1. Could you quote the convex hull projected area for the chain, Cα atoms only and averaged over all directions, in nm²?
2. Using the Karplus curve 6.51 cos²θ - 1.76 cosθ + 1.60 with θ = phi - 60°, what ³J(HN,Hα) values do you get for each residue of the range 87-95, in whole Hz, with x for Gly and Pro?
3. With θ set to phi - 60°, apply the Karplus curve 6.51 cos²θ - 1.76 cosθ + 1.60 along the range 195-201 and write out the HN-Hα couplings as whole Hz, x wherever there is a Gly or Pro.
4. Please work out the C-alpha center-to-center distance from the range 381-444 to the range 263-332 and express it in whole Å.
5. Let a ≥ b ≥ c be the square roots of the eigenvalues of the Cα gyration tensor of the range 5-246; is it rounded (a/c under 1.5), or, if not, prolate (a/b larger than b/c) or oblate?
6. Which residues' amide hydrogens lie under 5 Å from the amide hydrogen of Arg271, considering only partners 5 or more residues apart or on another chain, with H built in the peptide plane?
7. Once R0 is set to 51 Å, what does the formula 1/(1 + (r/R0)^6) return for the Cβ-Cβ distance between Ser265 and Ala235, expressed as a FRET efficiency to the nearest 0.05?
8. Relative to the longest principal Cα axis of the chain, at what angle does helix 160-179 sit, 0 to 90 degrees, rounded to 10?
Amino acid sequence: MQLTGGDVAQFAAATGDLNPLHSCEEFARRLPYGRPIAHGVLACLAALDESSPRLGRVNGMDIEFRRPVVTGIPYRTEISARPSWTALQVLDGSTLCIDVRLTGADRPVGRPTAPMPSVKLSMPAEPAVYPAEGPAVGTTVAGVYSPPDDRFAALARRWPRAYEVLGKTAFEALAWSGFLAGMELPGRGALLCRLSLSLTGAAGSGRRVYGARVADVDRRFHLITVSGDLCADGAPYVVAEIEAMVLHHVAPPALAALDQVLAPSRRLSGRTAVVVGASRGLGAALAMGLAGQGCRVLVGHRHAGTEIEELNAQLGARGAVTAVRGDATEPAWAQAVLDHLSRDGSGLDFLILNAAPTIGALMFEPAAVDRLTRYVADSVALVATPLAGLLAPLVAAAGRCLLVSSAALATRPAPWPHYVTAKSAVEGLVAWTAAQQPEARFFTARPGLVLTDQTNTPAAREQATPVERVAGPIIERFLTTVGSPGRAVRLDRD
C-alpha cells in the first residue's frame, strides 16, 4: 500500500476534510512529523482496498491509529478473519501504524445527550480553531454533511474494493468521521488516535445531519474524546466515538526568558554571525541570543514565513536578524551569504551549524534502510554545503564554528538510528575540518531533549527543556571557551 499526493488531495476534496495537517507544508512542517501526513481514514480505505477482506455487511468499526501514514512510503498490510469479524493491520516494516477491526454485529454505543446547536446548512471550508489545549468538555457542533456527489463517487471508484467491502453506508460513515474530527471537533491540528463506529441502519435518501459533543478532555496529553451521530430522514444510522490528539505549534523563543540565562550586552558589536537552521526552535533562540549581544546575524531561511519578523519584533533596538532565503544544501545559498558579507565589507566571525531534517522515528530493518541513508545524506548536506561554502571567510577572520549535535549520540534512542548516525557523521566532518584549518576554532554542543516543534509530543513535553534555557549557556560557552587549534572542542565536556 502506497499513497500519493493525488490520493490525499482527492480524499480532501471528496470528503470535506481540508485540515492543513494533510495538505499545507508550512503548517505541517512546524509539527513533530515535519511534513503533511495522510488522512488516517484514507489510509484505512487504501488498506481495505489492497487486502479486500470478505465479511458480509459491516456494522461496526474499531480503529486505532498508532503512527501517521505519509505519502511515498510503501506500507504492508496483514489480515486475519473470523466469521463475525476481520482484523487488518497497516505496518511500516515491523512497526504497527493502524489497527482496524471490522465487525458484523450491531453494538450499542452511547449517543450525545446534550442538545445540539443550530444546524449549519453548509459544510465548513476551514477547520475549526480552538485554544491550544483544544475545545472544552460540552462543546457541541451540528451541521449537514453534503460532500459533492461527483467527487464522492470518484473516491469510491478510486478505492472500489474498499467500497465493496464496506458498502455504501459504512464507506460514507468512515469518510464523515474523518471530516468531523478534522474540521469540527477537535478541528485544526487533529490527529486521529482512535475511532469507533456503530452502524445502526442503512442510510436513507434524505439529507445527512450530524451532531457531536466533546465528551472528555485530557489536558495532560491534549486528547479530545468526541461522541456524535449521523442521521438521515430524521433517524441516526451512524454513532461515533472519536479520540484525537490536538497538535499545536511551539511558541517562538522569548527574549525575556533568554535574558534570564544570558545577560544582555554589546560585547559582539561589530561582529557577524551566520546561523544555519534558525527559523524556529533552538536555532532561532541561538540567533536571537547572538543578536542580543550586539552581533549582526544572518540566518538561513528556506521557507517563507513570519518567524524572523517575530524575532526582530522582540529584539527591537537591541539587534536584528537578517534572513538570507534559500536552501542551505545548495551552494547558491552560501554564495548569497558571501555576497551579503562583501556588500557590507564584513568578515565572518561566527558560523553556527544547527540545521537538520525532521527526526521522526525509524526502525533499523531492511524495509527502512533506504530512508535511513537518505536521512543521513540530507543531514550531512545541511552541514557540509554551508561549511564548505563559508569556510574561507571564517578562516580568514580566525573565526569560530559551532556544530549543534545531540546527546542522542550517548543515549542512542531505539527509534533514532538514522539521527544518531547522521549526528555522528557531521561531528566527524567538523572534527576533520578542525584538523585541516587550525587558524579557526571549532566547537560542538550536544544538548539533551529540547522543547521544539520536532519534540512537541505528550511524552517529550514532560522531559524537554525550553529552548531559551539551552541556547543561553551554549552561547556563553561558545564565546568564552578558548578552544584548541586543530580539534573540535566539546562545549559540554571540555
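1. Numbers: hull surface 97.1 nm².
That works out to 24.3 nm².
2. Running phi through 6.51 cos²θ - 1.76 cosθ + 1.60 with θ = phi - 60° gives 10, 9, 10, 10, 10, 9, x, 9, 8 Hz.
3. 9, 10, 10, 10, 9, 9, x
4. About 19 Å separates the Cα centre of the range 381-444 from the one of the range 263-332.
5. Working: a/c = 1.36, a/b = 1.06, b/c = 1.28.
Since a/c stays below 1.5, the shape of the range 5-246 is classed as rounded.
6. Arg296
7. Details: r = 71 Å, r/R0 = 1.40.
Calculated value: 0.10.
8. In the chain, helix 160-179 runs at an angle near 60 degrees to the longest axis.
The numbers here are math on the coordinates, done by the rules we state, and not lab data. Keep in mind the model is a prediction, meaning the values are calculated, not measured. Neighbour counts run over all protein chains shown; Cβ positions are idealised from the backbone, glycine included.
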